[in-house]
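Trainee: A single structure is presented below for examination.
Every number in this text was worked out from the coordinates using simple rules, so none of it is lab data. Since the structure is predicted, the reported quantities are computational estimates derived from the model, not experimental observations. Cβ sites come from the backbone with ideal geometry, for glycine too, and all protein chains shown count toward neighbours.
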Amino acid sequence: MNLALKNTDMLARLPQVRGGYREQADLADVSWFRVGGCADILFSPADEADLQIFLANCPEEIPVTVLGACSNTLVRDGGVPGVVIKLGRPFGDIIIGSDGQVDAGAAVPDLMLSKQVANAELSGLEFFRGIPGTVGGALRMNAGAYGNDTATVLSHAYAYDRNGKRHEIQAHEMGFDYRHCALPQDLIFTAARFQTVPGDKQKILAQMEEISASREDTQPIKTRTGGSTFKNPGGADPEGLKAWKLIDAAGCRGLTQGDAQISELHCNFLINHGNASAADLETLGEVVRQRVKDHSGVTLQWEIKRIGREAM
Ligand SMILES: Cc1cc2nc3c(=O)[nH]c(=O)nc-3n(C[C@H](O)[C@H](O)[C@H](O)COP(=O)(O)OP(=O)(O)OC[C@H]3O[C@@H](n4cnc5c(N)ncnc54)[C@H](O)[C@@H]3O)c2cc1C
Ligand SMILES: NC(=O)C1=CN([C@@H]2O[C@H](COP(=O)(O)OP(=O)(O)OC[C@H]3O[C@@H](n4cnc5c(N)ncnc54)[C@H](OP(=O)(O)O)[C@@H]3O)[C@@H](O)[C@H]2O)C=CC1
Ligand SMILES: C=C(O[C@H]1[C@H](O)[C@@H](CO)O[C@H](OP(=O)(O)OP(=O)(O)OC[C@H]2O[C@@H](n3ccc(=O)[nH]c3=O)[C@H](O)[C@@H]2O)[C@@H]1NC(C)=O)C(=O)O
């Protein structure tokens, strides 16, 4: 009752937008883990101008969170306070220009981008083939795989800050590191330009198939998961210290908590077998962190973003 009143109050204080607001929107529906509570308010902007109007006029004290495909995010069971912004089709264009420049909206799925770019006989974005997020999430996470990452192919990105001011940000200004972008958390990316190079279509497609097959063999990609749970302590260096080896050595492969499990196939993946709660998944992750710390002295860092409130 109190919560409903609070939401109604919040709604009344939000600016008029064309995209529309949805109250108590179930985020489990959009999350790869298929867990989590509701967004107080979900906002899908009608276009860039709508997003700008929202940000410029949304009261400062109302929290704003942006989500892409929610493939690297664990939404807690108590839901997300304030407004969750989910960019949709109006931010879903791909434009392939001259000189290998590729413009993509922030909501474009990485997989779709890699396929269209390959069909245009351009190379550089093959690694996106196996990453189930969006361009916006790739920019924030510096998503990467198989020896490449977003930082190496980005030319520049466009973003709005919490006051509705638009920024053009060059790749070298993003503060990219392994699975990290140092820009302020309030920035909402709306689009990016990538630099690709001409390539042989058959070779590009073959490489993408190879990536896809390798993932199917080594990662539980068809389950309800968030990808790698923890960052590799050795970073992107293929010879560096691997989270999965530490987890394995600490005896955590296959460990369960309710319907949550540490994958038997790849023990840096957390899985929801169907009825896990976000709390089950997070608790299991913390158990693993503690066991690894006790066993090897290494403190694993979460790669997965955890957002929202604990269940009440
Ligand atoms: C099966 C599986 C395999 C995976 N494999 C890989 C892999 O090989 N390599 C890899 O790097 N990752 C991998 N991931 C993790 C995930 O797909 C990536 O991190 C991806 O980039 C997240 O994108 P998203 O759109 O789902 O972001 P979300 O999970 O929705 O959000 C992640 C972060 O990005 C922010 N964000 C999202 N959109 C925007 C935006 N428009 N503007 C500003 N911030 C934004 C969110 O606020 C949040 O902080 C995998 C995940 C799964 C489920
Ligand atoms: N889609 C998801 O969020 C999740 C998918 N999965 C798994 O992933 C696999 C594939 O999922 P599926 O939904 O069929 O994949 P799709 O590629 O059909 O769609 C993925 C999402 O991307 C959106 N999308 C697609 N193209 C664009 C674009 N150009 N611009 C903006 N948004 C776009 C879709 O939006 P729209 O709704 O407008 O079509 C949809 O929300 C399945 O195995 C599924 O179980 C698991 C968890 C979550
Ligand atoms: C999935 C993610 O990214 C992944 C990315 O897909 C792959 C491929 O480049 O390399 C990193 O995983 P990783 O270091 O565990 O490498 P993987 O390719 O998955 O595995 C390496 C090798 O170890 C083997 N392996 C892995 C886990 C396991 O339990 N057992 C096992 O034998 C695999 O079979 C494979 O032969 C990224 N993870 C991190 C934290 O950096 C993600 O960030 O969400």
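Trainee: So between E60 and T256, what do we pick up on full extension, going 0.36 nm a residue minus the alpha carbon distance?
Mentor: 66.5 nm
Trainee: So which helices of the chain fit the span-like rule, where a helix is a whole DSSP H run, its Cα atoms reach 30 Å or more along the axis, and its mean Kyte-Doolittle is at least 1.0?
Mentor: Membrane-span-like by this rule: not one helix.
Trainee: Based on the mean of other Cβ atoms within 10 Å per residue, sort peptides 23-29, 283-289, 154-160 so the most packed one is first.
Mentor: Order by mean packing, descending: 154-160, 283-289, 23-29.
Trainee: May I pose another question? Could you give the distance between the Cα centres of segment 160-216 and segment 46-93, to the whole Å?
Mentor: 19 Å
Trainee: Sum -39500 (n - 2.57) across every DSSP H segment of at least 4 residues in the chain, then divide by the residue count to get the 222 nm mean residue ellipticity, nearest 500.
Mentor: Taken over the chain, the calculation gives -8500 deg cm²/dmol.
Trainee: So between D177 and D161, what do we pick up on full extension, going 0.36 nm a residue minus the alpha carbon distance?
Mentor: Full extension of this stretch gives 3.6 nm more.
Trainee: If you line up the Cα atoms of segment 2-89 on their principal axes, what length do they span on each, largest first, in Å?
Mentor: Largest to smallest, the principal-axis extents are 34, 32, 18 Å.
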